[in-house]
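**Student:** One structure, as structure tokens, below. Some questions next.
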Amino acid sequence: MEDLQRDECDKYGKCGPYGSCYVDDPICRCLSGFSPLSPDDWNVIDTSGGCKRNWKVDCKNGDGFLKFEGLKLPDNSQLSINRKVSPNDCEAECFKNCSCVAYTTLNIFGNGSTCLTWCGDLMDMRNFPRGGEEIYIRMARAELAIVADARRRKKIKKIVEIVISTVSGLFLLGFIDCCTIMKAKRKGHSAGISINAYEEEHPEDSLELPYFDLHTISASTNNFSSENKIGEGGYGPVYKGVLADGWEIAVKRLANNSSLDQARRKLLTWKKRFDIILGVARGLVYLHQNSRLRIVQRDLKTSNVLLDAEMFPKISDFGVARNFGADQTEEMTKKAIGTCGYMSPGICIIWVLLSEIRCVQLWGVGVGDNKWPEELGLFPPRP
């Protein structure tokens, strides 16, 4: 006699009532909501006794149906068939019959849904990793509540995992982006890269003023040579520097005291002094309106105005300057920045309104309150 059984699951009733047979280990497992009828027998691999319900069903106390998928349908010895019945009607038909323990709908004959219902224990079920049929098994109200709570917890856990993964991913991307930018800037600093070269290599950072290390600045000013000195401001001498690509810069070296070049001060005629003030005003217009980077200097005073060989003014010392966006007109800061005496009393408050008017006001205070005329020598006796 030839044995046509392909595996252990082909043996009828291998896992008993409400047990499902699997091709892997353990081969027999109880359906969800069921447990072994005799745990001792299952421990010695005798699973024929099958499984029992964790909660007894009560037809009049809120029973319901739980969906199981990927199964070979139970033995048909206690199967009833009713053709052309919708899924909802099939459920209602099984629900009103207290002896009905399960139902499903199949399109067996190709002419619509066929309702299949089972009475008695469900035997000879098997799990299929792919495919299989679905069946709805009657379950006690308490068991349905446990299943619903487990599904809710699983859903919440999944949502939390997605949120944590998303936030962690965004944080990691931000950290990597920050490290990349900082590394690029450090690379640019150590190589003595110029303003133009830095912006060409890193266009995404072009709205920020680049920084240079001491070695680059020292090399550009010939180690702060006296021949490169072009004047002194309120905080120290100012040197002319030339970067590697020929870009000219002005470098202020902090010192305890400074003074105006008395010899060149005699060259300041009344017309030249007036031109200096107008030149500073034009510089503000350029910074606020015409420059690609809209910059508010925030500490405009005579010591921060340099004069070149032709006595043309250059606004310097942008250490506390702020960049503005193309359409930005103001910004709030938490502390006053600048030099006392050049700021109006309204500036020195806890929240400071920062705008283009600030620089114009500083310039006006300097001129109107005689600070610039005094320091530029506008009050010597006229000839």
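**Student:** Arrange the following residues from fewest to most other Cβ atoms within 10 Å of their Cβ: Lys240, Lys229.
**Tutor:** Ascending Cβ contact count within 10 Å gives the list Lys229, Lys240.
**Student:** Now for a different question. Among the listed pairs Lys240/Lys314; Lys229/Lys314; Lys67/Lys158; Lys11/Lys72, give every one whose C-alpha distance is greater than 18 Å.
**Tutor:** Cα-Cα > 18 Å for Lys67/Lys158; rest within.
**Student:** Okay, moving on. Determine the gain in length on full extension of the stretch Phe224-Ser86; use 0.36 nm per residue of separation and subtract their C-alpha separation, reporting nm with one decimal.
**Tutor:** Gain on extension, Phe224 to Ser86, equals 40.3 nm.
**Student:** Could you work out how far apart the two model spin labels at Gln328 and Val160 are, taking each label as a point 7 Å from the Cα in the direction of the beta carbon, and quote it in nm?
**Tutor:** Reported label-point gap for Gln328 and Val160 is 4.0 nm.
**Student:** Take Thr47, Thr105, Thr269 and order them by how many other Cβ atoms sit within 10 Å, fewest up front.
**Tutor:** Thr269, Thr105, Thr47
**Student:** Could you let me know the centre-to-centre spacing of segment 141-186 and segment 6-63, using Cα atoms, in angstrom?
**Tutor:** 37 Å
**Student:** If you stretched the chain out fully between Arg273 and Arg141, how much longer would it get, using 0.36 nm times the residue separation minus the C-alpha to C-alpha distance?
**Tutor:** My answer for the length gained is 38.0 nm.
**Student:** Using the charge dipole of segment 8-139 (Lys, Arg: +1 at Cβ; Asp, Glu: -1 at Cβ; taken about the Cα centre), state which of Leu73, Val44, Thr117 has its Cα farthest towards the positive end.
**Tutor:** Value computed over the given set: Thr117.
**Student:** Would you please give the FRET efficiency between Gln289 and Asn43, computed as 1/(1 + (r/R0)^6) with r the Cβ-Cβ distance and R0 = 56 Å, to the nearest 0.05?
**Tutor:** E between Gln289 and Asn43, to the nearest 0.05, is 0.05.
**Student:** Right, another one. Using a 10 Å cut-off around each Cβ, can you sort Lys96, Lys252 from fewest to most neighbouring Cβ atoms?
**Tutor:** Lys96, Lys252
**Student:** Hey, with R₀ at 22 Å, roughly what FRET efficiency would Asn97 and Tyr12 work out to, going by the Cβ-Cβ distance, to 0.05?
**Tutor:** With a Förster radius of 22 Å, E is 0.25.
Readers should treat all values here as calculations from the given coordinates under stated rules, not as data from a laboratory. None of the values given here were measured: they were computed from a predicted structure. Neighbour counts run over all protein chains shown; Cβ positions are idealised from the backbone, glycine included.
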